[in-house]
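J.: Pasting in a structure now, in structure tokens, and then I'll have a few things to ask.
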């Protein structure tokens, strides 16, 4: 289990601070992650990797000469936010464009893609290759849906070596795609991992049993077996991967392969060496020539006891790039000439734009906005453990922590905007931006989308009609579906958000006041959220392990239902206080 922490919600930030303090000759801190502290050639493609924290040495430990130029580092098991990715990419950019690579997870795809769009709009060329090496996470004919695990290393390293050799952005992306196509991985675990502050691991495996085909975010395996001998495990790993040799590779005619036996956090190196002994024999017996074997920790999952095997099938061009030297905090190969240290100082957080004052009526509504956001934060605090518990069943257990970080950041931003004289739209928009930035992950991005859509209908002048609020919620629901690509029935927060928006609009259109319509809509959201227990997930990390989540509702849908129900009571209280002369201060500490 994880034993040492201060505030679990601050663990990732404090970890990054300590990592930078220990490795200043390699990295420097920037908002959202780290970049190289050494000078890179002007015009060189910048390789930016990233994902959630909890996987060291991925991702910050792979930043340095010969490998990544920067790493966007999100909260524990949660993708970095769009703002964080943009920040890291701009600091890493050398004028040759930015190449992104990361594991194929819903939150990472949402946030990195959004960041890529922003950077391209700012004139910075970008390309992306997501890593899809895990063979159990989708069938061979759906390789694009597979998740990325320890195969991240092969794709990152090939892309970075190509960039160091002077390849342009298109060529870096081409070679990275080739590396990804020639990488396959498969993993097992004997115990689950425990997030800081959590009372129990994200999943458990019975004594003497082994989870097969697990993910790196605490997702349970797709099967469970007895624990084999070390040789038996080696045979299972090798046979699984040799059963799916990439197209164009002839494994029985001297194909060359880099085997990577990766420890997931607490499996001892000595145990892995015993397993690798048999892996090497099996590959040789199969007629495969081993090149540069790796045994160690390259992509972990906190304290998970487990291991994965990656086979990276080389061709002449990939092998030449693989041999290029690398010097990073956690991964070194060959000899890298000393690099000049950059004279850049630690990047300061982006300054918050000045607030344009709202009129008196809108400021009164802004007070209600702050009260509603406070209610959201308090509701999340009250249910944070339960949200984490249900998310751990087939997800990664971080939903409670992410919602807590996001809602409290939103409250701070909304309060600051209100005190600066902002109207309702600006107050809620600041909350939306802070939520998505601080929470990261899928839920952070989607709550930012929801609040932004509602904010746009509130305005900074006058008092919005109930129809405007309902229209904002409806717009938020549509924007979430457009942005996240989920629909009703996919077992996501959409299953609660869509009926909430529909019933709210229906009630307001029928002449009900906002409070009454909101309460009815919240009840519909609650029923719909509870009904997700019967659904198989078709989107997100839980998709791979759908059967595990049957009987448990979706955490995103449940948190939305809890929030809209509580906010409805705040709106009702506000309606009773409309004649309070000190209304503005009634909602702000």
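Taken together, the values in this text are just the output of simple stated rules run on the coordinates, not laboratory data. Everything quoted here is computed from the prediction, not taken from an experiment. Quick reminder, even Gly has a Cβ in these numbers, built from the backbone with ideal geometry, and neighbours come from all protein chains shown.
J.: Provide 298, 276, 269 in ascending order of the number of other Cβ atoms located within 10 Å of each residue's Cβ, fewest first. If you can, show how the numbers build up before the last one.
T.: Details: 298 27, 276 21, 269 13.
Lowest to highest Cβ neighbour count: 269, 276, 298.
J.: Hey, how many Å between the Cα centroid of the stretch 42-72 and the Cα centroid of the stretch 448-473?
T.: Between the Cα centres of the stretch 42-72 and the stretch 448-473 lies a distance of 39 Å.
J.: To continue, here is another question. Quick check on the stretch 184-234: what are the equivalent-ellipsoid semi-axes from the Cα gyration tensor, as sqrt(5λ), descending, whole Å? Before the final figure, lay out each step's value.
T.: On the way: eigenvalues 85, 33, 14 Å².
Output for the stretch 184-234: semi-axes of 21, 13, 9 Å.
J.: May I ask for the distance between the Cα centers of the stretch 486-517 and the stretch 429-443, given as a whole number of Å?
T.: 22
J.: Along Cα→Cβ, 7 Å out, is where each label goes; now give me the distance between the ones at residue 174 and residue 323 in nm to one decimal.
T.: 2.2
J.: Still on this structure, please answer the following. How many times 2.2 N^0.38 Å is the alpha carbon radius of gyration of the stretch 212-295?
T.: 1.14
J.: Calculate how steeply helix 360-394 sits against the longest principal axis of the alpha-carbon atoms of the chain, using the helix alpha-carbon long axis, and give the answer as 0 to 90 degrees to the nearest 10.
T.: That works out to roughly 40 degrees.
J.: Given the DSSP H assignment, sum -39500 (n - 2.57) over each helix run of at least 4 residues in the chain and divide by its residue total; what's the result at 222 nm in deg cm²/dmol, nearest 500?
T.: The per-residue figure over the chain is -15500 deg cm²/dmol.
J.: What list do you get for 216, 390, 558, 16 if you sort them by fewest beta carbons within 10 Å?
T.: Placing the least packed residue first, the sequence is 16, 390, 558, 216.
J.: To continue, here is another question. Of the listed peptides 176-184, 329-337, what is their order by residue-averaged count of other C-beta atoms within 10 Å, with the highest listed first? Please report the intermediate quantities before stating the final value.
T.: Numbers: 176-184: 24.1, 329-337: 14.9.
Most protected by this proxy first, the peptides run 176-184, 329-337.
J.: Next question. State, as an integer percentage, the relative contact order of the stretch 45-203 based on alpha-carbon contacts under 8 Å between residues 6 or more apart.
T.: Relative contact order of the stretch 45-203: 22 percent.
J.: Now a separate question. Fewest to most neighbouring Cβ within 10 Å: what's the order for 193, 126?
T.: Neighbour counts put them in this order, fewest first: 126, 193.
J.: So, one more: In whole angstrom, and with the biggest value first, how far do the Cα coordinates of the stretch 360-586 range along each principal axis?
T.: Dimensions of the stretch 360-586 along the principal axes of its Cα atoms: 54, 37, 28 Å.
J.: Once you keep just the Cα pairs under 8 angstrom separated by 6 or more residues, what percentage relative contact order results for the stretch 8-322? Walk me through the intermediate numbers first.
T.: Details: 733 pairs, mean separation 50.2, N = 315.
It rounds to 16 percent for the stretch 8-322.
J.: Quick one: of the DSSP bridges fully inside the chain, what percent are antiparallel, nearest 5?
T.: The answer is about 60 percent antiparallel.
J.: May I ask you to derive the FRET efficiency for residue 479 and residue 316 from their Cβ-Cβ distance with R0 = 45 Å, giving the value to the nearest 0.05?
T.: 0.45
J.: Can you tell me, using C-alpha contacts under 8 Å and at least 6 residues apart, the relative contact order of the chain as a whole percent?
T.: 14
J.: Can you tell me the 0 to 90 degree angle between the C-alpha axis of helix 82-92 and the longest principal axis of the chain, rounded to 10?
T.: 50
J.: State the antiparallel share, in %, of DSSP beta bridges confined to the stretch 8-322, rounding to the nearest 5.
T.: Just about 55 percent of them are antiparallel.
J.: Rounded to the nearest 10 degrees, what's the angle between the helix 555-576 long axis and the longest principal axis of the chain, both from Cα atoms, 0 to 90?
T.: Orientation of helix 555-576: about 20 degrees from the principal axis.
J.: If you average 1/r across every pair of different Cα atoms in the stretch 8-322 and take the reciprocal, what Kirkwood value do you get, in Å?
T.: For the stretch 8-322, inverting the mean 1/r across all distinct Cα pairs yields 19.6 Å.
J.: For the stretch 276-334, report the translational diffusion coefficient in µm²/s to the nearest whole number, using Stokes-Einstein at 20 °C, 1.002 mPa s, and a Kirkwood Rh over Cα pairs.
T.: After rounding, the answer is 156 µm²/s.
J.: Sticking with this structure for a sec: Return the whole-Å distance between the Cα centroid of the stretch 251-290 and the Cα centroid of the stretch 14-28.
T.: 32
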